[in-house]
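J.: Provided herewith is a single structure, encoded as structure tokens, for subsequent inquiry.
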Amino acid sequence: MSLKVRFLLTLAALLLLPAYSALAGEELNALSINISPTSGPQSTQIAVTGQGANPALPIQVMIVTNGDTGEGALTVVQVDPDASGNFAATVAVPVGATDGRYAVRAEQRSAQGGLLQFAWVGFSVGLILNPATGGLRETSLTLTAILAALLVSLMAFQGMRLALRRQ
């Protein structure tokens, strides 16, 4: 492959990076939630606030045993987000919940029932020695886009360096 073709391919890849970054930046509007409190006994009322929801679809807020899958729902409340995608709900820890770690999960499904987006935060019922954090907060695709841009730039630099050495 000639140097000119390599240069044009590298230039095309670099020109497409801002478009990818712009598309990835839309992830900043992803569903996210906050809860208060983050631990308590049975019957605790948990205030849930969230943002980033599709205003046209309802949100289900629930206490579950598995935040990633949504399995083991103990309590489910449905709310409608406002025009900006913000929402608020209150869920109660059931009286029969055993001490342990749970998740408060908010999810949004399509009209056909397919899962569109979700977010969760850990909640501890009763006495727990090490409180759960709910894991890492969701990572924005913008960070991924920046790392991808750096990687492509480094590869382009190395490719040009090797191409110039061969001449």
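J.: Pick from the range 61-104 the residues that are in a strand (DSSP E or B) and small (Gly, Ala, Ser): which of them is farthest from residue 127 (Cα to Cα)?
T.: 88
J.: Can you work out which of the residues in the range 39-53 that are in contact with a Gly (Cβ under 7 Å, 6 or more places away or on another chain) and assigned to a loop (DSSP other than H, G, I, E, B) is surrounded by the most Cβ atoms within 10 Å (Cβ to Cβ)?
T.: 53
J.: When the residues of the range 114-132 are filtered to those that are at pLDDT below 80 and surrounded by 11 or more Cβ atoms within 10 Å (Cβ to Cβ), which remaining residue is nearest to residue 32 (Cα to Cα)?
T.: Restricting to residues being at pLDDT below 80 and surrounded by 11 or more Cβ atoms within 10 Å (Cβ to Cβ), the top hit is 132.
J.: Working only within the range 94-113, note down all residues that are surrounded by 18 or more Cβ atoms within 10 Å (Cβ to Cβ) and among the hydrophobic types (A, V, I, L, M, F, W, C).
T.: 97, 103, 104, 106
The values are calculated or read from the model by the stated rules, or taken from the named source; none is laboratory data. The structure displayed is predicted, hence computed values, not measured ones. Every residue, glycine among them, receives a Cβ derived from its backbone with ideal geometry; neighbour counts consider all protein chains shown.
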